[in-house]
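The values are calculated or read from the model by the stated rules, or taken from the named source; none is laboratory data. What you see is a predicted model; the values in this text were computed from it and never measured. Glycine also receives a Cβ, built like all others from the backbone with ideal geometry; neighbour counts cover every protein chain displayed. Quick note on the areas: whole protein, heavy atoms, side chains included, nothing else; ligands and nucleic acids left out. Shrake-Rupley method; radii C 1.70, N 1.55, O 1.52, S 1.80 Å.
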Amino acid sequence: MITLGSLFDGIGGFPEAARRVGIKTLWASEIEPFCIKVTKIRFPDMKHYGDIAKINGSELEPVDIITGGSPCQDLSIAGKRAGLAGERSGLFMEMIRVIRELREHEKQNGRTGINIRPRFMVWENVPGAFSSNKGEDFRAVLEETARIADKTVVIPGPPKGKWNTVGCILGDSWSIAWRVLDAQYWGVPQRRRRIFLVADFGGQSAPEVLFKRKGL
C-alpha cells in the first residue's frame, strides 16, 4: 500500500484525496486545535505530531509521499509580501528539512535509489508565489526541492523574468512539475486558483503524475 505523511495538514484535505485513491495517511502535522479535532474524527488511525518546527524527520514513520500546503500569507498578493523570508511562509523550509531528514535516515538504514522514502512530494500554494520577491521565491522553492535529490543543483530564474503557470524540470534521476489548478473546474462553486507542485526524487514521473489524468 502507498503511504502518505501530511504536513500543514489543516482539516485533512490531502489525506481525504489520498483515501479516495487507496493511499493510507500514517501521520500528520498541524497546530490548530479545531483542525486536529476534525481529522481525529475523519482519520482515527492517523498519528498527530503537532508543530512542524519541533518534528525530527528521522523519528517519523517512513512514507512514500509527503504533502503540504505551507502557509501562504507572506506569498499572497493580498498580504505584505514578505515572501519566504516571512515568519509564516518561511515554514516551507521546515517541510524541506523534514523530508531531508526522513530520506537521510532511510539511507543510513541501507535504502538506495528509488527505494528511499519519501520518493514523492506534493506542495500547494497561492499563485502569488510566482511573483513574490520578483520571482526569486519560487525559484528558491524549485531549487530547495531539487536539492533534496541532488545537492549540487542550481535552478536559474525564468528566461523572461516571469514564471509560467505550468512547467517542469527534469534532472538525471529526479523531476519536478508544477501547474495552476482552479477549484471551479473540480466541483467547487468558486474560483480558487492554486499552484500544485509534484516532485519525484527517484525518477522522472513528476510530469506524468501532474499532467496526465487517469480514471480511477
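A few remarks follow.
- Hits in region 107-117 (condition: of a type outside the set (Lys, Arg) and in contact with a Ser or Thr (Cβ under 9 Å, 6 or more places away or on another chain)): Gln108, Gly113, Ile114
- All conditions but one from (1) surrounded by 17 or more Cβ atoms within 10 Å (Cβ to Cβ); (2) of a type in the set (Gly, Ala, Ser); (3) at pLDDT 95 or above apply to Ser132; the one that does not is (3).
- Looking across Ile169, Ile99, one residue alone is assigned to a helix (DSSP H, G or I) and either open to solvent by 40 Å² or more (accessible area, probe 1.4 Å) or in contact (Cβ under 8 Å) with a residue 12 or more places away in the chain (or both). It is Ile99.
Okay, residues lined up against (1) part of a helix (DSSP H, G or I); (2) farther than 23 Å from Ala53 by Cα:
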| site | (1), (2) |
| --- | --- |
| Arg103 | yes, no |
| Lys107 | yes, no |
| Ile114 | yes, yes |
| Arg117 | no, no |
| Trp123 | no, no |
| Asp137 | yes, no |
| Leu142 | yes, no |
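- Just one residue in the set Val141, Val180, Val166, Val126 is within 30 Å of Glu59 (Cβ to Cβ) and aliphatic (A, V, I, L, M); that residue is Val141.
- Count of residues meeting criterion [open to solvent by 40 Å² or more (accessible area, probe 1.4 Å) and part of a helix (DSSP H, G or I)] in region 26-57: 8
- For Asn133, the criteria (1) at positive phi; (2) out of contact with any helix residue (DSSP H, G or I) (no Cβ under 8 Å at 6 or more places or on another chain); (3) in a helix (DSSP H, G or I) hold in every case but one, which is (2).
- Test: residue in region 181-188 that is assigned to a loop (DSSP other than H, G, I, E, B) and in contact with a helix residue (DSSP H, G or I) (Cβ under 9 Å, 6 or more places away or on another chain): no
- Odd one out for Ala199, checked against (1) within 21 Å of Ala129 (Cβ to Cβ); (2) of a type in the set (Gly, Ala, Ser); (3) part of a loop (DSSP other than H, G, I, E, B): (3)
- The set of residues in region 146-166 being part of a loop (DSSP other than H, G, I, E, B), open to solvent by less than 50 Å² (accessible area, probe 1.4 Å) and within 18 Å of Arg179 (Cα to Cα) consists of Ile155, Gly157, Pro158, Trp163.
- When region 190-209 is limited to residues that are among the charged types (D, E, K, R) and farther than 10 Å from Phe120 by Cα, the one that is most open to solvent (accessible area, probe 1.4 Å) turns out to be Arg191.
- Test: residue in region 176-188 that is in contact (Cβ under 8 Å) with a residue 40 or more places away in the chain, surrounded by 15 or more Cβ atoms within 10 Å (Cβ to Cβ) and of a type outside the set (D, E, K, R): no
- The listed residues are Ala183, Ala146, Ala199, and the only one of them that is more than 20 Å from Phe92 (Cα to Cα) and small (Gly, Ala, Ser) turns out to be Ala183.
- Residues of region 8-25 satisfying the condition of being in contact with a Leu (Cβ under 9 Å, 6 or more places away or on another chain) and either surrounded by fewer than 21 Cβ atoms within 10 Å (Cβ to Cβ) or assigned to a helix (DSSP H, G or I) (or both): Phe14, Pro15, Ala18, Arg20, Val21, Gly22, Ile23, Lys24
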